[in-house]
Amino acid sequence: MRKLLFTLAALTAGFAANAQDLPTNPEPGKCYVRCTTPDIYENVTEQIQVAPGYKTLKVVPATFKTVTERVLIKEASKKYRIIPATYKTETVTYTKKSGGNRLSVIPASFGSDSQTIEIKPAYALWELGAPAPDCASSNPDDCRYWCYKGYPAEFTTVSLQTLVNDASTTSEALPSSTSSYKKQVIATPARVEEIEIPAEYATITKTVLDRDAYTTSNDIDARYRTVSKEVLKQKGGLTTWKEVDCKLVEYSPLPINWNLGSATLTSGAKKLIDDRLLPVLANTPGAKMEIASHTDSRGSASSNQALSERRAQSVANYLISKGVNASRLVANGYGERRLKNRCKDGVSCTEREHAANRRTEFRLINN
């Protein structure tokens, strides 16, 4: 009856907000845990480059040699000798006064004429005539008539002057006169005679580059390292209910003999974990497990809390190293907060009583 009440209380407290997720058709007296199918990972190896490939260089210095060479020390040149020009006398005739023409002007002559111009064109318009003498109407406008009367154009005569002969000129030739002068002209032009001056040479010794400096290279291969990594193979997340031994949902002892003040697992502690915890996790895939570690009240509360947390985490880390998914593990350290007996601070207890408080426990919890 106690197990049934614990099961119902655990299910009610843990899943009140998810009542629709409770296991169907539960049997009285049995315990269940909600399991979530885990993500499935696989270990793969990958080769990574830890050092790049490169090359080393070695310098081979330049080499030189001594050579002789004939060099120009004075360039070839030329010198020139000028032979002046010779002259002769010539008589040159020129126009001293140029010939031309003398012009006389004959003025223009004019005549007279006239021209008649129309200054007003002919036109016609309607005019009202005089009333008829025998008009019977008392209104004199009734007996009047309209006439379309024409008027002739008007003209005027304008006197004009006409050109008879335009202005013109007559020409009279004026004679030219000549004279002469003497001048000297070149009989033979000046010239330059070119005289070659040969170049001068000497022999020198100098050091020249035989082979320039260069480098030789040696290729160093890149270095690689093979690393293992965990990759997601299949995504989990499906929720199922699994019947478990009711003892597994309550804290069960994991009797690890921890060294004083240490959170390091001994070989015996690892074998204990292999025998006790790994089978439970293997038989309840997807369920979570809490690892709880406690200390006695001796020492400070803060140091006891930290020590219990490290011990719980050491167990969890070992399980992870054995392939258990970290999402299935909850490591809790409670320090001296959950003593199983009266041995709190200030109370005198035996070593056996203190040892009862130094414990590591485990239980299955809902995922």
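In the stretch 318-340, whose amide N lies under 14 Å from the spot 7 Å out along Cα-to-Cβ of A301? List them in ranges. Within reach of a label on A301: 334-339. Secondary-structure-derived ellipticity at 222 nm for the chain, considering helices only, amounts to -5000 deg cm²/dmol, per-run term -39500 (n - 2.57) for DSSP H runs with n ≥ 4. Note on the stretch 215-312: Cα-only Rg and Dmax are 22.3, 79 Å.
Annotation: for a label point projected 7 angstrom from Cα along Cα→Cβ of D113, residues of the stretch 154-192 with backbone N closer than 20 Å are 156-167.
Among the listed pairs K242/K344; K78/K182; K247/K322; K55/K206; K58/K229, those with a Cα-Cα distance over 30 Å are K242/K344; K78/K182; K55/K206; K58/K229. Working from label points 7 Å from Cα in the Cα-to-Cβ sense, the N341 to V185 distance is 15.6 nm. In the chain, taking the dipole from charged Cβ atoms about the Cα centre, the farthest positive-side position among P152, I291, A108 is held by I291. In order along the stretch 289-295, phi translates into HN-Hα couplings of 10, 9, 9, 10, 10, 10, 10 Hz, rounded to whole numbers, per the Karplus curve 6.51 cos²θ - 1.76 cosθ + 1.60 with θ = phi - 60° and x for Gly and Pro. A simple spin-label model places the labels of Y214 and S177 9.9 nm from each other, with each point 7 Å out along Cα-to-Cβ. On the beta carbon distance between K79 and Y201, with R0 = 22 Å, the FRET formula returns roughly 0.65.
Working from Cα pairs under 8 Å separated by at least six residues, relative contact order for the chain is 27 percent. Once both labels are positioned 7 Å from their Cα atoms along Cα-to-Cβ, the gap between A62 and A153 label points is 11.4 nm.
Secondary structure note: in the chain, about 95% of the DSSP beta bridges are antiparallel. Computing FRET efficiency as 1/(1 + (r/R0)^6) for L260 and S228, where r is the C-beta to C-beta distance and R0 is 45 Å, gives about 0.80. Taking a ≥ b ≥ c as the square roots of the eigenvalues of the alpha-carbon gyration tensor, the stretch 146-192 is classed oblate because a/c is 1.5 or more while a/b is no larger than b/c. Using the Stokes-Einstein relation with a Kirkwood hydrodynamic radius computed over Cα pairs, the translational diffusion coefficient of the chain at 4 °C and a viscosity of 1.567 mPa s comes to 34 µm²/s. Here the chain is treated with +1 on each Lys and Arg Cβ and -1 on each Asp and Glu Cβ, and its dipole about the Cα centre works out to around 3400 debye. In the chain, if the dipole is taken from +1 on Lys/Arg beta carbons and -1 on Asp/Glu beta carbons about the Cα centre, which of T240, L329, T350 is farthest to the positive end? Value: T350.
Every read-out reported here was derived from the displayed coordinates using simple, explicitly stated rules and does not represent laboratory data. All of these numbers come straight from a predicted model, not from anything done at the bench. Neighbour counts run over all protein chains shown; Cβ positions are idealised from the backbone, glycine included.
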